[in-house]
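Step one of this worksheet: look at the structure below.
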Amino acid sequence: LTIFMDIKKKTYFVDIDGTIFKYREFDTYLDNPAVVIKSTKQFLQQARDEGHMIILTTARPDTKFMRAQTQFELIQGNIPYDRLIMGIERGPRYLINDLSPKEPGDRAICYNLVRDEGI
């Protein structure tokens, strides 16, 4: 008899520019290749290995060209992810979630990283 424990997986929402790749202006992407921030890549790989969901977010415009360019850079950098959300606003981002009455503790957690320094 195998007993399965109910282990809840986490969902990580991770910005791309300045967090996964060194920050570049949109109009410089073709002239300046993406530079992976190693500590963030290692963190994402560990999260993926543990079965967690990784959702990448970016203010990069959701045009056919920019989506293809972004996916190319993610593949080239061997960046693990489950979903890619593009075209979000550049202003502050808020994560809003409910508290579980059965499980104590915060269910929405935020980390602000120094640009280009990784995790």
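Odds and ends about this structure:
- Test result for Ile119, surrounded by 12 or more Cβ atoms within 10 Å (Cβ to Cβ), under 15 Å from the mean Cα position of the chain (by Cα) and at pLDDT below 95: yes
- Qualifying residue in region 92-102 (condition: surrounded by 14 or more Cβ atoms within 10 Å (Cβ to Cβ) and of a type in the set (Gly, Ala, Ser)): no
- Restricting attention to region 71-119, the residues that are closer than 30 Å to Leu30 by Cβ and either part of a loop (DSSP other than H, G, I, E, B) or of a type in the set (Gly, Ala, Ser) (or both) add up to 22.
- Among residues of region 21-39 being in a helix (DSSP H, G or I) and open to solvent by 80 Å² or more (accessible area, probe 1.4 Å), the one that is nearest to Asp116 (Cα to Cα) is Lys38.
- Residue list for region 40-70, filter: open to solvent by less than 40 Å² (accessible area, probe 1.4 Å), part of a helix (DSSP H, G or I) and either of a type outside the set (Val, Ile, Thr) or within 17 Å of Lys10 (Cα to Cα) (or both): Thr40, Leu44, Ala47, Met66, Gln69
The values are calculated or read from the model by the stated rules, or taken from the named source; none is laboratory data. What you see is a predicted model, and the numbers here were worked out from it, not measured in a lab. Because the Cβ atoms are built from the backbone with ideal geometry, glycine has one as well, and the counts that use them run over all protein chains shown. Keep in mind that these areas ignore ligands, DNA and RNA; they rest on the heavy atoms of the full protein, side chains included. Shrake-Rupley method; radii C 1.70, N 1.55, O 1.52, S 1.80 Å.
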